[in-house]
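Undergrad: Below is a structure I'd like to ask you about.
The values are calculated or read from the model by the stated rules, or taken from the named source; none is laboratory data. Predicted model, so just to flag it, every value in this text is computed and none were measured. Glycine also receives a Cβ, built like all others from the backbone with ideal geometry; neighbour counts cover every protein chain displayed.
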Amino acid sequence: MKSRFVQGLFQQPLPITLTTPFRASSEALDDGSESPFWHNFLACGRYRLSRKKQLLEEHFAADPWKDAWEPRYNIAPTQLVPVIRQDPKQPIRHLSLVRWGLIPSWAKDASGAAKMINARSETAIEKPAFRDALRSRRCLIPADGFYEWQRSGKTKQPFCFEVNEGQLFAFAGIWERWHDPNGSTLETCSILTTTPNDVAATVHDRMLVIVEPDAYDLWLDPGVKDARVVSDMLRPYDARQMRCYPVSTQINRAANDDAGCSERVERSENQPSLFT
């Protein structure tokens, strides 16, 4: 059952309008440090999940999902997103909605959530904001595409990244449960990042961790408390199974959320050639 906090304040996704260019150099926010809000887009600030809920249930072998869900093409930080978690007492996977942007259980308030949409896999086990969740609260975050931006002169060109021409996949996620001073509960998540494969490196110096399907059980296993056991799967996804292509800058506004956000567009003449 959703808490009053989720039902109320976060029932509708929070709109985020991009008015400042992205930076695509380092990952200053991944350790939960005090970084400007726009650093959220260093690794991945938008992704796509265009499948309907029944397909998600079937693909991830999850029990029937009670939350409403419609296909999304431009999911942004602080919005409610689907995650898959393993029931700790029985062999059942649950789909549910949590807010994207992790709030540590010990945080005094929710203001830092927008700064922690990503967690750097190489150092997450050392960071107070992420280490407990990596040990005990891992989840899968379903997607069928994600976006990155490449600078070319004074412009930023967005690209859509897909696995096998749009196949459904899952990011490696961690989640937390935070209690506000009034006693309401909010569940939040973050997506782990790693070094880029050859496809992602053409646009960015980091990429999101995509979990191989045969590793889902291990990643979700609540009995595995040693983060070193799952660390081997936090590696770049096979570049041979990925492609990327340029998309319209309408993706820059979170209010735009339709199939046009991930449609291929022609590259301008000054854009370099990328893997497709």
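Undergrad: Taking region 208-244 as the region of interest, how many residues are more than 22 Å from Arg85 (Cα to Cα) and touching a Cys at 6+ places or on another chain (Cβ under 8 Å)?
TA: Total satisfying the criteria: 1.
Undergrad: While we're on this one: Determine whether region 207-220 contains at least one residue that is at pLDDT below 95 and over 17 Å from the mean Cα position of the chain (by Cα).
TA: no
Undergrad: Mind counting the residues in region 137-163 that are at pLDDT below 95 and surrounded by fewer than 20 Cβ atoms within 10 Å (Cβ to Cβ)?
TA: 7
Undergrad: Is at least one residue of region 255-273 among the aliphatic types (A, V, I, L, M), at pLDDT below 95 and in contact with a Phe, Trp or Tyr (Cβ under 7 Å, 6 or more places away or on another chain)?
TA: No, because not a single residue in region 255-273 is among the aliphatic types (A, V, I, L, M), at pLDDT below 95 and in contact with a Phe, Trp or Tyr (Cβ under 7 Å, 6 or more places away or on another chain).
Undergrad: Within the set of pairs 6+ apart or on separate chains, which have a first residue in region 59-70 that is farther than 9 Å from Ser96 by Cβ, a second that is among the β-branched types (Val, Ile, Thr), and C-beta atoms under 7 Å apart?
TA: If the second residue must be among the β-branched types (Val, Ile, Thr), the pairs left are Phe60/Ile84; Ala62/Ile84; Asp63/Ile92.
Undergrad: Let me ask something else about it. So which residues in region 166-218 are within 18 Å of Glu148 (Cβ to Cβ) and of a type in the set (D, E, K, R)?
TA: Asp198, Asp205, Arg206
Undergrad: Next question. Under the condition of being under 28 Å from Gln250 (Cβ atoms) and among the polar types (S, T, N, Q), which residue from region 62-119 is surrounded by the most Cβ atoms within 10 Å (Cβ to Cβ)?
TA: Ranking the qualifying residues of region 62-119, first place goes to Asn118.
Undergrad: Still on this structure: Can you tell me how many residues within region 219-250 are surrounded by fewer than 15 Cβ atoms within 10 Å (Cβ to Cβ) and either of a type in the set (Asp, Glu) or closer than 18 Å to Arg135 by Cα (or both)?
TA: 11
Undergrad: Do we have Glu122 as over 17 Å from Arg48 (Cβ atoms), of a type in the set (D, E, K, R) and surrounded by fewer than 18 Cβ atoms within 10 Å (Cβ to Cβ) here?
TA: yes
Undergrad: Considering each of Phe146, Phe159 in turn, give the residue that is farther than 18 Å from Arg85 by Cβ and either touching a Ser or Thr at 6+ places or on another chain (Cβ under 9 Å) or assigned to a helix (DSSP H, G or I) (or both).
TA: The unique qualifying residue is Phe159.
Undergrad: Considering only residues that are touching a residue at least 60 places away in the same chain (Cβ under 8 Å) and polar (S, T, N, Q), look in region 97-152 and name the one that is farthest from Glu187 (Cα to Cα).
TA: Ser152
Undergrad: Still on this model: When region 60-95 is examined, which residues are found to be basic (Lys, Arg) and farther than 18 Å from Ser190 by Cβ?
TA: Of region 60-95, the ones basic (Lys, Arg) are 66, 72, 85, 89, 93.
If the condition is that a residue be basic (Lys, Arg) and farther than 18 Å from Ser190 by Cβ, then Lys66, Arg72, Lys89, Arg93 are the ones that fit.
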